[in-house]
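**Student:** Attaching a single structure in C-alpha cells format; questions to follow.
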Amino acid sequence: MIQLLKSRALLISVLFGLFGNALAQLLVIDEMTWYYTALASLISLVINLLATFLLRGRNTNRRRNYVKLFCLLTFIGLIATVYLHTKYFMAGTFPYSGYDEKVSYYVKGTEYTPLALKFKEEHPEIQSDSDLVHEGFGSPSEKDRVWTAQSIDQNKLKLISSYSLVVMFFVGLISVLLEVIPKSDGSKGHIARNNTRVVT
C-alpha cells in the first residue's frame, strides 16, 4: 500500500510537472490563481487514488466495456464543463490593463452598487466594465464599490465549481486510462508470448 502511494504520488508529480501549469492557467483569473493551483492538486490526488482502488481486481470483458463507457461519458463531461467554465469566465470576469499594459482578469459581480449606477448615468460614454472600473474607481481593488459583495461572491462560487468539475473530469479520465492501458498492453504481450511458445 505504501509503495502504491509512493508510485502514485510520483506519477501525479510528473503529470503536473508536464500539464499542471497548463491546467492551472486554464482561463486564468489573476486573483484566484493560487486557489486554482491548490484545488487542482488536491482533487487530482484524491481522484487518482480512487480510480486505482476501483479498478483493482479481475479484468473481465464486461468490466472493460463499463470502463470504455465510463471513459466516453467522462470525455463528454469534460467538454461540457470546459464550455461551462468558459461561459462563466466570460460572464463573470473583466479585463484590466495596468500601467505596464499587462492585461489581468478579475472577478466581477452581476449587480451594480448605487454609486456605480450613478457614475454610469453621469458618464453614458462608458460602455465596458473595465472602463467603468478604470475611469470611475481607479483600480480592481475598488471593485467592491462597483458591484455588491454578494454578487461578486456568487460569480466566484460559479467559477470555482465549474473549474473543479473540469479538473475532476480531466483527472478522472487520465487516471482510468493510465490504469487500463498498461494492463491491456501487458495482456496482449502475454498472449503473444504464449502463442510464440506454442508455435516453436
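**Student:** Where residues in the range 94-119 are closer than 13 Å to Asp144 by Cα and hydroxyl-bearing (Ser, Thr, Tyr), which of them is surrounded by the fewest Cβ atoms within 10 Å (Cβ to Cβ)?
**Tutor:** Ranking the candidates gives Thr110 first.
**Student:** Would you please name the residue that is nearest to Glu179 (Cα to Cα), looking only at residues in the range 63-93 that are surrounded by 15 or more Cβ atoms within 10 Å (Cβ to Cβ) and aliphatic (A, V, I, L, M)?
**Tutor:** My answer is Val67.
**Student:** Still on this structure, I have one more. If I ask for residues that are touching a residue at least 24 places away in the same chain (Cβ under 8 Å) and surrounded by fewer than 17 Cβ atoms within 10 Å (Cβ to Cβ), which ones from the range 120-133 would you list? Can you show your working first?
**Tutor:** Of the range 120-133, the ones touching a residue at least 24 places away in the same chain (Cβ under 8 Å) are 128-130, 133.
Listed by number, the list holds a single entry, Ser128.
**Student:** Return a yes/no flag: does the range 171-186 have any residue that is more than 30 Å from Tyr83 (Cα to Cα), assigned to a helix (DSSP H, G or I), open to solvent by less than 70 Å² (accessible area, probe 1.4 Å) and modelled with pLDDT under 90.
**Tutor:** At the first step, the residues of the range 171-186 found to be more than 30 Å from Tyr83 (Cα to Cα) are 182-186.
Narrowing further to those that are assigned to a helix (DSSP H, G or I): 182-186.
If we keep only those that are open to solvent by less than 70 Å² (accessible area, probe 1.4 Å) as well, we get 184, 186.
Retained after the next criterion (residues that are modelled with pLDDT under 90): 184, 186.
Yes, the range 171-186 has at least one match.
The values are calculated or read from the model by the stated rules, or taken from the named source; none is laboratory data. Bear in mind that the values here come from a model prediction, so they are computed numbers and not experimental data. Because the Cβ atoms are built from the backbone with ideal geometry, glycine has one as well, and the counts that use them run over all protein chains shown. Quick note on the areas: whole protein, heavy atoms, side chains included, nothing else; ligands and nucleic acids left out. Shrake-Rupley method; radii C 1.70, N 1.55, O 1.52, S 1.80 Å.
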